[in-house]
Structures are given as C-alpha cells and as structure tokens.
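These notes concern the structure reproduced below.
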Amino acid sequence: MTQETAVIVGAGKGLSAALARRLAKDGFRVVLVARDVEKLAPLVAETGGHAISADAQSPQAIEAMFAEVDRTFGPPDLVVFNAAMRYRGPIEVLDPADVMDAYAVGAFAGFVTAQAAARRMLQRGSGSIFFTGATASVKAMPHSVPFAMAKFALRALAQGLSRELGPRGIHVAHFIIDGGISSSWATQGEAGPPDKWLDPAAIAETYLAVHRQHRSAWTAEMELRPWVEKF
C-alpha cells in the first residue's frame, strides 16, 4: 500500500495531537498546520510530522501550504479541519470585529482549506475531507453566539460538499463533538463519573475508522459524546 499523507489544519494539543499520533502510528505522513508552529515542536519530534506555518483564513497562505505538501509528499489523502476561535460574551458587549474574526477562523477558513484540498483530490478521484464540529454545530447556547455562528456555517459547508464531492470520489464528513475533551477541560482530581470527558485518542480512532470506510457506506455526519452527556 502506498503511504498516505494527512494534513491537520489548526493543529495544537488535544484532538489534533491525538490525531497526529494515531495517524503516524498507522503509517501516515502527518502535516501539522498552524500559525504558530513553534508550539508544535514536541509533537513533530514525537510523530515525525512536518509542520507548516499558515494562516487558514488566507487563500494564498493555504494554497502555498498545499503546494509545499504537493512538492514534499504529493496530494494529501486526508485533510482534517480542526481550527476554531472561542469568543464568548453577551450580545450587548460583543465586538463586531472579534465576531468576524471568530467566523473567519471557524468557518471561512474551513471553506478555504476544503477548496484547496478538493482541487487536488478531484484530480486523483479520491481522498477524505473531515470537519470537526461541536455541540454548537446544532445547539447555540447563551453567550456563545460567535462560536455557534461559525460552527453552524461549517456544518452547512460539510453537508453541501458531501453531496457535491461524494459522487466524485471524495469522502466528506462532519464530526459533532458533543461534550468536553479531556485534554482541554478535565482537571486533576475532578469529581464526577469516570469517562465524563471525551478521550481524544478515542476520537482519533473514530476519525481513522471513518477514513477507512468503504465508499458503499460512507458516513456524512457523526455525533460523538461521552455516555453521561445529555442529548
């Protein structure tokens, strides 16, 4: 089997790191994309990954990033969009400029990433484009309007692309992470039932399994939540 290449946009700790570790274990060449790549040095060393600095909101920067991937590894087999900006506050004090930034990072950057990835995958006729959603993808909570706006839009992007690109051989899937991820939210000695938080390694296993699905039974959207989380 030809070695596969995965690109994770919005790489950092938590889910992105777990994905990088799991994919590297499965033999993938892993490309980690973030504005600040210095923070990725330990993960790069651990996984043998390749870090590229890029602003996902910039079509020019994302195109340059994918061009570097093309030169180094060839077109990617899996692209995961995992970028988001959590900007919170009551409606009367939200800064419109900050709301726009949150939308640009969480939604427009997803479009920019998907467009560049799709152009390459369509030439080959195969590949997977995955989007990481959240509870806010389907349920907007008070003081979380900017985050929910972006996540709703990202879900719409994923749904449209799944219908558009699926018949052309590209697997597009959206994952609703309905709960807190342990690496991001759990604190040592915290009270509560076991497995209260989603294990990022378990999420990574699911992403890989969906990438490996036969095209006769592709998943377009999946909700992941710990057993104690309410629907």
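The values are calculated or read from the model by the stated rules, or taken from the named source; none is laboratory data. None of these values were measured; they are calculated from a predicted model. Ideal geometry is used to build each Cβ from the backbone, glycine not excepted, and the neighbour counts take in all protein chains shown. Quick note on the areas: whole protein, heavy atoms, side chains included, nothing else; ligands and nucleic acids left out. Shrake-Rupley method; radii C 1.70, N 1.55, O 1.52, S 1.80 Å.
Miscellaneous remarks
- Qualifying positions in the range 134-144 - open to solvent by 60 Å² or more (accessible area, probe 1.4 Å) and not basic (Lys, Arg): VAL138, ALA140, MET141, PRO142, HIS143
- Subset of the range 73-92 that is open to solvent by 40 Å² or more (accessible area, probe 1.4 Å) and touching a residue at least 60 places away in the same chain (Cβ under 8 Å) - its residue that is farthest from HIS143 (Cα to Cα): PHE73
Conditions tested, residue by residue: (1) more than 15 Å from the chain's Cα centre (by Cα); (2) open to solvent by 10 Å² or more (accessible area, probe 1.4 Å); (3) hydrophobic (A, V, I, L, M, F, W, C); (4) closer than 22 Å to VAL33 by Cβ.
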residue	(1), (2), (3), (4)
VAL99	yes, yes, yes, no
ALA102	yes, no, yes, yes
VAL112	no, no, yes, yes
GLN115	no, yes, no, yes
ARG119	yes, yes, no, yes
GLN123	yes, yes, no, yes
ILE129	no, no, yes, yes
THR132	no, yes, no, yes
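- Hits in the range 44-57 - residues which are assigned to a loop (DSSP other than H, G, I, E, B) and loosely packed, with under 15 Cβ neighbours inside 10 Å: GLY48
- Some residue of the range 26-36 being assigned to a helix (DSSP H, G or I) and open to solvent by less than 50 Å² (accessible area, probe 1.4 Å): no
- Helices (runs of 4 or more DSSP H) fully within the range 136-229 counting 3 or more residues that are among the aliphatic types (A, V, I, L, M) and farther than 19 Å from LEU78 by Cβ: 145-165
- Scanning the range 119-137 for residues that are touching a residue at least 40 places away in the same chain (Cβ under 8 Å) and either under 22 Å from ILE177 (Cα atoms) or small (Gly, Ala, Ser) (or both) yields a count of 11.
- Checklist (1) surrounded by fewer than 16 Cβ atoms within 10 Å (Cβ to Cβ); (2) assigned to a loop (DSSP other than H, G, I, E, B) applied to ALA41, failing item: (2)
- Taken as a whole, the condition of being out of contact with any His (no Cβ under 8 Å at 6 or more places or on another chain) and over 15 Å from GLY12 (Cβ atoms) applies to PRO59.
- Single condition ASP70 does not satisfy, out of (1) over 15 Å from the mean Cα position of the chain (by Cα); (2) acidic (Asp, Glu); (3) surrounded by 15 or more Cβ atoms within 10 Å (Cβ to Cβ): (3)
- No other residue among ASP195, ASP98, ASP178 is farther than 19 Å from ALA84 by Cα and touching a residue at least 12 places away in the same chain (Cβ under 8 Å) apart from ASP195.
- You will find that of ALA17, ALA54, ALA11, ALA61, the residue that is free of Cβ contacts under 8 Å to residues at least 12 places away in the same chain and of a type in the set (A, V, I, L, M) is ALA61 and no other.
- Scan the range 82-115 for residues that are under 21 Å from ALA11 (Cβ atoms) and assigned to a helix (DSSP H, G or I) and the total you get is 15.
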